[in-house]
Amino acid sequence: MDEQYNPLKIEFNTQAFWNERDCFHATEDLNKEKFYCLSMIPYPSGWLHMGHVRNYVIGDVIARYQRMLGKNVLQPWGWDAFGLPAENAAIKNNVPPAKWTYENIQHMRNQLMSLGLAIDWSKEITTCDPDYYRWEQWFFIQLYKKGLVYKKNAEVNWDPVDQTVLANEQVIDGRGWRSGALVERREIPQWFFKITAYADELLNDLDKLPHWPEQVKTMQRNWIGRSEGVEVQFPIADHHEHLTVFTTRPDTLFGVTYIAIAPQHPLAKLAAKNDPALSQFLEECRTIKMAEAELATLKKRGMPTPFKALNPLTNQPIQIWVANFVVMDYGSGAVMSVPAHDQRDYEFAKEYQLPLKQVIKPSDQSDWDFSHAAFVQPGILIDSGEFTNLASATAITKIIDLLEKNKLGTRQINFRLRDWSVSRQRYWGTPIPMINCKTCGPVAVNEKDLPVKLPENVSFVGVTSPLKSMPEFYQVTCPQCGKPAERETDTFDTFFESSWYYARFACKKQNNAMLDGRANYWVPVDQYVGGIEHAVMHLLYARFIHKAMRDEGLLNSDEPFTRLLTQGMVLNQGIKMSKSKGNTVDPKPLIERFGADTVRLFIIFASPPEQSLEWSDSGVEGAYRFLKRLWSFAYEHRDIITKKNRKSNSDESVVDFEMADPEQRDILRKLYEILEQVKYDYERLQFNTVVSGCMKLFNLLTKIPTAKQPEFDIRPHLIYEGLSMLLRLLAPVVPHMTHQLWEELHYTGVLLQAPWPKGNAAALKVDQIELVVQINGKLRTRVTVPSHADAKTIEAIATADSKVQQSIADKAIKKVITVPGRLVNIVTGDK
């Protein structure tokens, strides 16, 4: 055994040991409980910083701990390899995206391997591999056959920098999630997944995910946005048509003072034919840089139309306005506006001096000041005909009943969720397997012709997709009529690739099907680790695709991820570590200087997993010093440990604890108390306190006192057993050094196969315990009593204490309350 800690040598040898024996290769084993641990796979940008490292080390700690519990563990790896950064890099550097991507993957793979992650590399997936996206195309066609895929002209979010469509979820504060550019609205043909067909199930099944963060579930509930209400028909005066409006507040119908329609609404376009000013306004709204996320803070603008609607309850005319805050693809593109009881409608009415009519008053009968805000809460109806004086809840039911009876309304459940736009107008993505025929319309590619391969040897002219100028790619014959046709040149949103990779890991080499029975063995993922920024996009899409695969008979579970851990960010200089901010920390020089174990230890110890971590060079150095101390301690005591191992002593070796020195026996008890706490902390994923527990345990081992009676000295046993325990507790976090020390000290077998340490009831047994003593509920002192003492004995010891005697000298003891194992409360009064 080397005297000095040499991390690079240790880590090289340990990783070679794992690789030679293929230690992390996972196969299906029905005799073991399975555990599938997965980190969200990265985009191959070419390098890792400490933000990535934290995510992957957290996942690795979980996987290694579960392996120590005897479970059959799978931890695979993959690359979310399609996407705009590779394409933008190709345009900038004149390098094909495929070449750029594969070179980056190789570099990042080497970085990951240096961290010692317990990954089954035989299951590695790259999403730009035709063997992978072939099945994505196949699945798309199956959903198309079932009516869950369709194409339509739609107003979309257009990123003017990345020159592609964004789903609503990819627009953050009105800007593209990658480029940061202000998003525009455009109308173009798009392919959609009918995710709304699963809206109810996506919402309800969140209740089946108790091990997901509440914050994530709340974000998904809000995005799905289920609301119960009524679709109301507002007749258009002097027309044989109706405006359909959905509302959750029919109790405010008597307070409608105007109707607002979207700039894209057919009625708005009709009105603009004879109104140049309105036509100009509609054009401004068409090109305005906005997305749904901006609507709440958007400056409200509008123009009146010559049309009026009739209130279905009063038959009174209502002015119809065009308003920039109404979106055509949400509901019917028209909203009933009640300025007195909706803040958005209130702001618009104030801007254009439109009337405000109060029809709800507060339930406490108080007056509401409308000079600053609308009254938006339920209350008591006023000025509402036969419904006056009814509470809002009662009035809502009765008004809907009346509307339905008169065929002027229908009960309706609406969702904020909209269908998932999956067409992208850029090159580096999976080709959509459809053919556009002038005779037959959209036609799916024959399944025998899959995959539709993306040409990889391409050149760019600007940001336009090269596919659009490659007739050898897009010129085809129609599979139905045989006439000339054109292949779809749009590619899939890359979130499609990342929505099902977790299942394909289980059967990567299956060439005859998308998934097989192995997927049902491993899926759902038992622990998923990744950033909360994916709460709505990736996680919601993956849940939808999972349910669609289940309904296709490919899976037999309802949800893809049983437990979810959203780790905090790594901060540097007080802000999130990222390349764009120039504040990243490269793990490579740190690993070369201190070793991967030091990096892992710091990243785990510095903060609870779900909280942000502030980068600290001194913290890294502190972690390194701890590992050096541990190595030196093991070297110093190697003879004691190897001697006990040569005698084949085990954790259950016979030691006379009863006769041992009390101070040594106390240390043994504390070792096992720490074991219990560390086990608890591993289970609740509080790994920073796991490390602090290991440090406490190590400090105990360095402070074992000399026995007063040498013949009953258990110090060798404490060192032997304590270090055996410590190496196993620390192994998921610090896998290389612990592996090497386990081997050097001749503990039994290989550390990877060592079981989790067992508790020791005899060691936890104590002769005496300390109790708090209170007088009239106030702390006065503490006393030590035999652990088996009854209440009478405890009372006698407490009342005989000198501090207690001093406090009650002039008082009478009325009663003594004993709480076993915790305290004694002496109640006194005047004599």
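Quick look at the numbers
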read-out	value
Any chance ALA485 is modelled with pLDDT of 95 or more, hydrophobic (A, V, I, L, M, F, W, C) and part of a helix (DSSP H, G or I)	no
Residue within the range 403-419 that is touching a strand residue (DSSP E or B) at 6+ places or on another chain (Cβ under 8 Å), part of a loop (DSSP other than H, G, I, E, B) and within 19 Å of MET470 (Cβ to Cβ) present	no
Test: GLU552 is open to solvent by less than 10 Å² (accessible area, probe 1.4 Å), closer than 30 Å to TYR427 by Cβ and modelled with pLDDT of 95 or more	no
Some residue of the range 155-173 being free of Cβ contacts under 8 Å to residues at least 40 places away in the same chain, over 28 Å from ALA503 (Cβ atoms) and among the polar types (S, T, N, Q)	no
Residue check, ALA340 touching a Gly at 6+ places or on another chain (Cβ under 9 Å) and among the aliphatic types (A, V, I, L, M)	yes
Residues (open to solvent by less than 60 Å² (accessible area, probe 1.4 Å) and charged (D, E, K, R)) located in the range 146-184	GLU155, ASP159, ASP162, GLU169, GLU184
Those residues of the range 479-500 which are touching a Ser or Thr at 6+ places or on another chain (Cβ under 8 Å) and buried (at least 16 other Cβ atoms within 10 Å of the Cβ), in sequence order	ALA485, THR489, ASP490, THR491, PHE492, ASP493, THR494, PHE496, GLU497, SER498
Strands (runs of 3 or more DSSP E) within the range 494-610 that include 3 or more residues within 19 Å of ILE58 (Cα to Cα) and not polar (S, T, N, Q)	527-530
Residues within the range 677-699 that are under 19 Å from LEU723 (Cβ atoms) and out of contact with any helix residue (DSSP H, G or I) (no Cβ under 8 Å at 6 or more places or on another chain), tallied	2
Subset of the range 516-530 [farther than 30 Å from VAL570 by Cβ and open to solvent by 10 Å² or more (accessible area, probe 1.4 Å)]	ASP516, GLY517, ARG518, ASN520, TYR521
Number of the exception - GLU28 against (1) open to solvent by 40 Å² or more (accessible area, probe 1.4 Å); (2) part of a helix (DSSP H, G or I)	(2)
Considering residues of the range 371-399 that are assigned to a loop (DSSP other than H, G, I, E, B) and more than 42 Å from the chain's Cα centre (by Cα) only, the residue nearest to MET303 (Cα to Cα)	SER371
Near pairs, Cβ below 8 angstrom, 6+ apart or cross-chain, from the range 388-411 (under 19 Å from GLU231 (Cβ atoms)) to any residue that is hydroxyl-bearing (Ser, Thr, Tyr) and crowded, with 19+ Cβ neighbours inside 10 Å	ALA395/SER384
Residue identified as modelled with pLDDT of 95 or more, under 30 Å from PHE387 (Cβ atoms) and in contact with a strand residue (DSSP E or B) (Cβ under 9 Å, 6 or more places away or on another chain) among LEU253, LEU278	LEU253
Test result for SER692, part of a helix (DSSP H, G or I), over 39 Å from the mean Cα position of the chain (by Cα) and modelled with pLDDT of 95 or more	no
Among residues of the range 159-175, those that are closer than 17 Å to TRP420 by Cβ and at pLDDT 85 or above, counted	1
Scope the range 3-22; condition touching a helix residue (DSSP H, G or I) at 6+ places or on another chain (Cβ under 6 Å) and either in a loop (DSSP other than H, G, I, E, B) or closer than 30 Å to GLU533 by Cα (or both); matching residues	GLU3, TYR5
Among the residues listed as THR494, THR430, the single one being under 30 Å from TYR36 (Cα atoms) and either of a type in the set (Lys, Arg) or in contact with a Gly (Cβ under 7 Å, 6 or more places away or on another chain) (or both)	THR494
Filter result (modelled with pLDDT under 95 and under 17 Å from LEU741 (Cβ atoms)) within the range 594-624	none
Residues of the range 237-268 satisfying the condition of being open to solvent by 10 Å² or more (accessible area, probe 1.4 Å) and of a type in the set (Val, Ile, Thr)	THR244, THR247, THR248, VAL256, THR257
Residues located in the range 139-169, provided they are basic (Lys, Arg) and in a loop (DSSP other than H, G, I, E, B)	LYS146
Sole exception among (1) modelled with pLDDT of 95 or more; (2) crowded, with 16+ Cβ neighbours inside 10 Å; (3) touching a helix residue (DSSP H, G or I) at 6+ places or on another chain (Cβ under 7 Å) for THR702, by number	(2)
Residue match in the range 331-343 (condition: touching a residue at least 60 places away in the same chain (Cβ under 8 Å), crowded, with 19+ Cβ neighbours inside 10 Å, in contact with a His (Cβ under 6 Å, 6 or more places away or on another chain) and at positive phi)	yes
GLU673 more than 30 Å from GLU610 (Cβ to Cβ), in contact (Cβ under 8 Å) with a residue 60 or more places away in the chain and of a type in the set (Asp, Glu)	no
Residue in the range 106-122 that is crowded, with 20+ Cβ neighbours inside 10 Å, over 28 Å from the mean Cα position of the chain (by Cα), farther than 24 Å from ASN511 by Cα and not basic (Lys, Arg) present	no
Candidates LYS576, LYS547, LYS588 - the one that is over 22 Å from VAL690 (Cα atoms), open to solvent by less than 20 Å² (accessible area, probe 1.4 Å) and touching a residue at least 60 places away in the same chain (Cβ under 8 Å)	LYS547
Test set (1) within 22 Å of the chain's Cα centre (by Cα); (2) surrounded by fewer than 22 Cβ atoms within 10 Å (Cβ to Cβ); (3) of a type outside the set (Phe, Trp, Tyr) - ALA503 fails condition number	(2)
Residue match in the range 653-662 (condition: over 26 Å from GLU743 (Cα atoms), at pLDDT below 95, over 33 Å from the mean Cα position of the chain (by Cα) and surrounded by 21 or more Cβ atoms within 10 Å (Cβ to Cβ))	yes
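Rundown of residues vs (1) within 20 Å of the chain's Cα centre (by Cα); (2) touching a residue at least 40 places away in the same chain (Cβ under 8 Å), yes/no style:
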{"position": "THR14", "(1), (2)": "no, yes"}
{"position": "ARG21", "(1), (2)": "no, no"}
{"position": "PHE24", "(1), (2)": "no, yes"}
{"position": "ASN31", "(1), (2)": "no, no"}
{"position": "TYR36", "(1), (2)": "yes, yes"}
{"position": "SER39", "(1), (2)": "yes, yes"}
{"position": "SER45", "(1), (2)": "no, yes"}
{"position": "VAL57", "(1), (2)": "yes, yes"}
{"position": "ASP60", "(1), (2)": "yes, yes"}
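The values are calculated or read from the model by the stated rules, or taken from the named source; none is laboratory data. All values reported here derive from a predicted model rather than from experimental measurement. In this analysis, Cβ positions are derived from the backbone assuming ideal geometry, glycine residues included, and neighbour counts consider all displayed protein chains. Quick note on the areas: whole protein, heavy atoms, side chains included, nothing else; ligands and nucleic acids left out. Shrake-Rupley method; radii C 1.70, N 1.55, O 1.52, S 1.80 Å.
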